[in-house]
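Reading through the C-alpha cells given below for one structure.
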Amino acid sequence: MLTTERLLLRSWRDTDLAPFAAMNADPAVRRYFPGLQTKVESDASVRRFRAHDEEHGFTFWAAELREAGAFIGFVGMVVPGAYLPLPTGCVEIGWRLATEHWGKGYATEAARACVEYAFGELKVPAVAAITTVENQPSINVMKKLGMVYHGEFLHPKIDPTDPIAPHVAYVVERP
C-alpha cells in the first residue's frame with residue numbers, strides 16, 4: 001500500500017469490481033486498447049493483479065481518493081512480460097483511471113510514488129512504461145516522471161494491422 005497527498009494505492013477489494021468493470025466498458029477509457037472488456041474479463045484482470053501482488057508484493061493497485069474513499073482506477077507496477085522490449089530487471093508501471101478523474105494529476109502523483117517505491121524498496125535498476133504511439137496523455141505522464149524514450153515496437157499481442165499496434169517504451173533508470 002502506498003499513500004500520496006490525495007491518493008491511496010491499495011489491495012483490490014471485491015467492492016472495486018463493479019466500478020472497475022464500468023471503467024473497462026467505457027470507450028473513452030479503452031480508446032488505446034484493442035477493445036472494451038466484459039465484466040468477466042475485467043474481473044479476470046483483477047484476479048491477475050491480486051495473484052501478481054501475492055507473488056511479488058506489488059501490482060497494479062486499486063487507486064482511491066483518500067478524502068472521499070472513492071475508487072478511481074489503478075496505478076502500480078508489474079513484472080513485464082518477456083515479450084516486451086524492456087530493460088532486464090525493470091518493472092513496468094501503468095495506470096488507468098475513470099474519465100471523471102482525468103486531468104487532475106492523479107496518474108502522475110501516484111506514478112511518482114510508485115517510481116520512488118520501485119527504486120527505494122524494490123531496488124530495481126529501471127522503471128519502464130509502454131503505450132500506443134497515439135496515447136499522448138500517457139506519454140505526457142511518462143515524461144513528467146522523468147522517463148526518456150526507449151524505442152518503438154509493434155505490440156506482439158495486438159494485430160499488427162491494428163492502428164494501436166505501434167507502441168513506444170519510455171524508461172527511467174535508478175539514480
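The set of residues in the stretch 21-33 being free of Cβ contacts under 8 Å to residues at least 40 places away in the same chain, open to solvent by 30 Å² or more (accessible area, probe 1.4 Å) and small (Gly, Ala, Ser) consists of Ala25 alone. Considered as a group, the residues in the stretch 12-25 that are of a type outside the set (A, V, I, L, M) and under 17 Å from the mean Cα position of the chain (by Cα) include one that is nearest to Pro166 (Cα to Cα), and that residue is Asn24. Kindly provide the set of residues from the stretch 1-38 that are hydroxyl-bearing (Ser, Thr, Tyr) and touching an Asp or Glu at 6+ places or on another chain (Cβ under 6 Å), ordered by number. Hit for the stretch 1-38 is Thr4, nothing else.
Would you kindly identify the strands (runs of 3 or more DSSP E) lying entirely within the stretch 92-175 that contain at least 2 residues that are under 24 Å from Met23 (Cα atoms) and open to solvent by less than 80 Å² (accessible area, probe 1.4 Å)?
By residue number, 126-132, 166-173.
Pairs are defined by a Cβ separation below 6 Å, a sequence spacing of at least 6 or placement on different chains, a first member in the stretch 57-81 that is without any contact (Cβ under 8 Å) to a residue 12 or more places away in the chain and closer than 9 Å to Ile93 by Cα, and a second member that is assigned to a strand (DSSP E or B) and open to solvent by less than 10 Å² (accessible area, probe 1.4 Å); no pair meets this definition.
Restricting attention to the stretch 94-138 and to residues that are touching a Pro at 6+ places or on another chain (Cβ under 8 Å) and of a type outside the set (Val, Ile, Thr), the residue that is farthest from Ala70 (Cα to Cα) turns out to be Pro125.
Look at (1) touching a Cys at 6+ places or on another chain (Cβ under 8 Å); (2) within 22 Å of Asp16 (Cβ to Cβ) and you find that Phe74 fails only one, number (1).
Among the conditions (1) more than 14 Å from the chain's Cα centre (by Cα); (2) open to solvent by less than 30 Å² (accessible area, probe 1.4 Å); (3) farther than 25 Å from Ile164 by Cα; (4) of a type outside the set (Ser, Thr, Tyr), Phe58 misses just one, which is (1). Residues of the stretch 34-51 that are at pLDDT 95 or above, under 23 Å from Asn135 (Cβ atoms) and open to solvent by 30 Å² or more (accessible area, probe 1.4 Å): Leu36, Gln37, Thr38, Glu41, Arg48.
Going through (1) outside any strand (DSSP E or B); (2) surrounded by 22 or more Cβ atoms within 10 Å (Cβ to Cβ) one by one, Leu84 falls short only on (2).
The values are calculated or read from the model by the stated rules, or taken from the named source; none is laboratory data. Note that the structure is a prediction, hence the values are computed from the model and not measured. Neighbour counts are summed over all protein chains in view; Cβ atoms, including those assigned to glycine, are modelled from backbone coordinates with ideal geometry. Surface accessibility is based on the protein's heavy atoms, side chains included, excluding ligands, DNA and RNA. Shrake-Rupley method; radii C 1.70, N 1.55, O 1.52, S 1.80 Å.
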